[in-house]
1. Where does each of GLU206, GLU122 land when they are ranked from fewest to most other beta-carbon atoms within 10 angstrom?
2. If R₀ is 25 angstrom, what is the calculated FRET efficiency for the pair GLU191 and LEU146, using the beta carbon separation as r and rounding to 0.05?
3. Using the Karplus equation 6.51 cos²θ - 1.76 cosθ + 1.60 (θ = phi - 60°), what ³J(HN,Hα) coupling, rounded to whole Hz, does each residue of the stretch 145-155 give in order, writing x for Gly and Pro?
4. Give me the net charge of THR176's neighbourhood, meaning all other residues with Cβ under 15 Å from the Cβ of THR176; Lys, Arg count +1, Asp, Glu -1.
5. Relative contact order for the chain: what is it in percent, counting Cα pairs under 8 Å that are at least 6 residues apart?
6. For the stretch 1-154, how big is the tail of P(r) above 18 Å, as a whole percent of Cα pairs?
7. Once you list every other residue whose beta carbon is under 12 Å from the beta carbon of MET133, what net charge do they have if Lys and Arg are +1 and Asp and Glu are -1?
8. Restricted to Cα positions, what overall size does the stretch 134-256 have along the principal axes? Three whole-Å values, descending.
Amino acid sequence: MSEQVKENCAPLQHLAVIMDGNGRWAKKQGLPRIAGHQQGVQTVVKVVDECLQVGIRYLSLFAFSSENWGRPQQEVDALMELLLQFLASQRQKMLDGSIRLRVIGDRSRLSASVRRALTEAEADTAGGSALTMVLALSYGGRDEILRAAKQLAEKVSAGLDLQTVDDDLFAQFLDTQGIPEPDLLIRTSGEKRISNFLLWQVAYAELYFTDVLWPDFDAQELHRALEDYRQRKRRFGLTDDQLMTSGSDLSEGESH
Ligand code: FPP
């Protein structure tokens, strides 16, 4: 499979995932919702392993949205606890596997202990070069864009020439600064929405929706999605003729 992904004319560097369906999975088993999230963490571990296997360089996971703060406090607390356990249990594996952690989202809303654990994990794994795991926590795409716009406005007030502001410059103010845009976005559980995830960054991503609930997602399902991606023709706003003549590297191409 590794070869298949690498052979793609637009190689899959960055996979983004909306991990949905934990609650429904738990309900189907007659278990509390948190059991679905626990099982969801196991899926995360499996998917990270598989991404390393196939040579994917960036994996972005929507772990907790800005809107998720509105869930019952017990569920919010349980999700934060799972996050802390995940960071502790995966620390050595991340170091051994050369996995780097990056966190995106509004950290100011996270508790001090969660913020500290995230900062430590990011610092510990900063040298990782095989796979960057981007955890979206307390994250909303509109919120990220707004925060970027405000920072940029401050720079303009301080003298930055507005005429120099283009896509590339704007992207430097996003939480994902330095991370290539996702090539493929997977959403599990049958919902067909972006739900405020990486709104700016998925402009040209291929979208893949599966009915499989996140706790049931596994390496086989991932390969199904990767195979589907391989069949897609990414045009980046160009014509078929242009695609034929411009070679394989279209990711830097014109964006329309
Ligand atoms: C959506 O399922 C999932 C979430 C809101 C949280 C995702 C979190 C995990 C997979 C576990 C934590 C991850 C890490 C990396 C520690 P849902 O609860 O909305 O499911 P439902 O739509 O079936 O109710």
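Please treat every number below as a calculation from the coordinates, not as lab data. All values reported here derive from a predicted model rather than from experimental measurement. When we count neighbours, we look across all protein chains shown, and the Cβ atoms used for this are built from the backbone with ideal geometry, even at glycine.
1. GLU122, GLU206
2. With R0 = 25 Å, the Cβ-Cβ based efficiency is 0.55.
3. Listing the rounded values in order: 5, 4, 4, 5, 4, 5, 4, 5, 4, 4, 5 Hz.
4. Residues near THR176 contribute -3 overall.
5. Relative contact order comes out at 27 percent.
6. Roughly 62 percent, once rounded to a whole number.
7. After counting each charged neighbour, the total is +2.
8. Extents along the principal axes: 52, 42, 20 Å.
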